[in-house]
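Let me begin by presenting the structure, written as structure tokens, before commenting on it.
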Amino acid sequence: MGLFDFLSNEGEKKPVEPAAKPAAGGATDFFGNANNAAATEGETYTVVSGDSLSKIARNHYGDGTKWHQIYEANKGIIGSDPDKIEVGQVLTLPKISA
């Protein structure tokens, strides 16, 4: 087998186009799957040292017991243990109706 055996008569082909990117502002996980719809309406927050979901909820909503809503909106980022958030994670803070 020689070098010319790899050439074809099909000429130049157009390169494969990358998949369409999600609309700006849409919350998706690593694989491009849509996250919780409520989460797409909120603000984002970057976790800093010493943070917990209840501290973030208390500072953002004025009520630390609303940490569950933050967790539900960010399960794909946080994982199965809501106590294990990491510095640098960008969380979506969903809008919570009164």
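Yes or no, residue by residue, for (1) open to solvent by less than 70 Å² (accessible area, probe 1.4 Å); (2) modelled with pLDDT of 95 or more:
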position	(1), (2)
ALA24	no, no
ASP29	yes, no
GLY32	yes, no
ALA39	yes, no
GLY42	yes, no
SER52	yes, yes
TYR71	yes, yes
PRO94	yes, no
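Looking at the stretch 73-87, which of the residues that are within 13 Å of the chain's Cα centre (by Cα) and not β-branched (Val, Ile, Thr) is most open to solvent (accessible area, probe 1.4 Å)? Explain how you work it out, then say what you get.
Here is the first cut: in the stretch 73-87, the residues within 13 Å of the chain's Cα centre (by Cα) are 73-79.
From the residues that got through so far, the ones that are not β-branched (Val, Ile, Thr) too are 73-76, 79.
Numbers: ALA73: 7, ASN74: 4, LYS75: 95, GLY76: 70, GLY79: 29 Å².
Result: LYS75.
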- Note on the structure: MET1 fails exactly one of (1) open to solvent by 100 Å² or more (accessible area, probe 1.4 Å); (2) aliphatic (A, V, I, L, M); (3) at pLDDT 95 or above, namely (3)
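The values are calculated or read from the model by the stated rules, or taken from the named source; none is laboratory data. None of the values given here were measured: they were computed from a predicted structure. The area values use the complete protein model at the heavy-atom level, side chains included, leaving out ligands, DNA and RNA. Shrake-Rupley method; radii C 1.70, N 1.55, O 1.52, S 1.80 Å.
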